[in-house]
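What follows is one structure encoded as structure tokens, with my remarks underneath.
The values are calculated or read from the model by the stated rules, or taken from the named source; none is laboratory data. Since we're looking at a predicted model, the values are computed, not measured. So basically every Cβ, Gly included, is an ideal-geometry build from the backbone, and we count neighbours across all protein chains shown. The area values use the complete protein model at the heavy-atom level, side chains included, leaving out ligands, DNA and RNA. Shrake-Rupley method; radii C 1.70, N 1.55, O 1.52, S 1.80 Å.
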Amino acid sequence: MPAGFGRLWTAQTVSSLGDGVSHAALPLLALTLTRDPMALAVVTAAGTLPWLLFGVLGGALVDRWDRRRTMWVMDAARAVVLAIPVAAAALDGLSIPLLAAVAFLLSLGGLFFDTAATAYLPDLLGRDPALLERANSRLRGAQTAMSGFAGPPAGSALLVLGRAVPLLADAVSFMLSALLVRSLPAVPRPVPEIRESLLRQARAGASYVFRDRLLLGLALRPAVGNVAFLAVETVLALFAHDRLGIDTYGFGLLLAAEAAGGLLGAGIASSLGRRLGTGTALTCTAAVEGLAILGLAAAPNPYVAGLALAVCGAGMGATMVLAPSLRQAIVPAHLMGRVASTSRMLAMCAAPIGAFLGGWLATTYDIRTPLYAAAVLLLAMTAVTASMTSNRRVEAALRAAAAAPGGPDHPASKDAAQESAPDMS
């Protein structure tokens, strides 16, 4: 791997730890201010709004800006944002509107950082598909470990020391990440397009996704998946308590089983892609997710439920390595930000639909109904997208990308690589 990847991996690992701390601390801080469920929901919803409001436009801006600079500036800005509730906590001035505003601004910074990082990585790795899978496997594994395992317990523990302590810890993580990202090697900026309006460029990025069947299939996976998974997540705590007899501590272990599966899936993703082909591997992971949710719905005890969630997490973990790696390998550099943000926005827009669907099905029918519906939805999506993301389409897209200007097999790209080859570790 290029030497710069180690710094990027360290930066995102540190930042993910801070994200996990804040993910646990913000709802708990809100709970110290109110017991009104709607007020608590406002803080949670505020964190999803930036992707819904600015997702595609954010991608168009990232395609105009220097991506490395965008990453470190956004991390530094998020550290400054967190200083506000830290000061408010010290002065006993915390409020629900303030926490909602903080959640919104942190998510907005995350939108630009994540989009820029997605666009920067293929340039750093020379758009090599094998390196991209290895890199995304390591990044995804670190993110799951830090934000899923280490961060939330740390956030809860730090809250005992004081209301401002978890947020201060997250601010420090953002500053460390900003310093590391700022030291990353510069990569050539994409050739600028003819100057167009931001809205026109955003539409061009979105239409690029919808016109390409492979990219559309890759975008439909998380969009339909989010409808299914949010339908499950909405009722999972109630299902675990009422049908499986799991207490609060046991529910935490149930979620940990899913995170453990996610780590395993991220670790074996590259191997699956090599053995089965990326297209077939993506179809298999989708089928595994649907069957695992079906197993969860029919689970007679907590042990079977934990195993089903672990299997589902493994499918999700592998998918979240293979799909972004493929997208980064085949999308032209000057469109990468817009394509990534369009796919992410589709997934984020689908999440509230899934939450509403899960609540409605549980209220109208039975607590298991949302789980069965989610399984059917996932399996139907598998059948629909199988041909869209087939090995044949994937291989054709990789060949076209490699031969295109800027691709690893293009003569000009080889000459440039020889002139400025990165140090290898």
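Computed quantities for the displayed model
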quantity	calculated
Relative contact order computed over the chain (Cα-Cα under 8 Å; 6+ residues apart), in percent	26 percent
D92-V304 FRET efficiency (beta carbon distance; Förster radius 56 Å; 0.05 resolution)	0.70
Sparse-neighbourhood loop sites, trypsin sites (Lys or Arg not before Pro) in the range 1-109 - DSSP loop, at most 15 other Cβ within 10 angstrom	R35
Computed [θ] at 222 nm, deg cm²/dmol, the chain (DSSP H ≥ 4; -39,500 (n - 2.57); rounded to nearest 500)	-28000 deg cm²/dmol
At most 10 other Cβ within 10 Å, DSSP loop - trypsin sites (Lys or Arg not before Pro), the range 254-357	none
Compactness index (Cα Rg / 2.2 N^0.38 Å), the chain	0.97
Additional length obtainable on full extension of the chain from L276 to E395, 0.36 nm per residue less Cα span	41.6 nm
Relative packing of 115-125, 84-94, 372-382, which averages over residues the other C-beta atoms within 10 Å, highest first	115-125, 372-382, 84-94
Expected-Rg normalisation [2.2 N^0.38 Å, Cα atoms] applied to the range 51-135	1.35
Shape metrics for the range 208-289, restricted to C-alpha atoms - Rg then Dmax, Å	16.2, 48
Equivalent ellipsoid dimensions for the range 1-100 as semi-axes, Å, which come from the Cα gyration tensor, largest first	29, 18, 13
Probe 1.4 Å, accessible area per residue of the chain, Å²	44 Å²
Stokes-Einstein D in µm²/s, Kirkwood radius over Cα pairs - the range 122-262 at 10 °C with 1.306 mPa s viscosity	80 µm²/s
Rg to Rh, two decimals, where the range 254-372 supplies the alpha carbon set and Rh follows Kirkwood	1.03
DSSP H segments from the chain that extend 27 Å or more along their own axis, Cα-based, with Kyte-Doolittle mean of -1.0 or above	3-33, 67-90, 96-124, 213-242, 248-276, 278-297, 302-330, 336-364
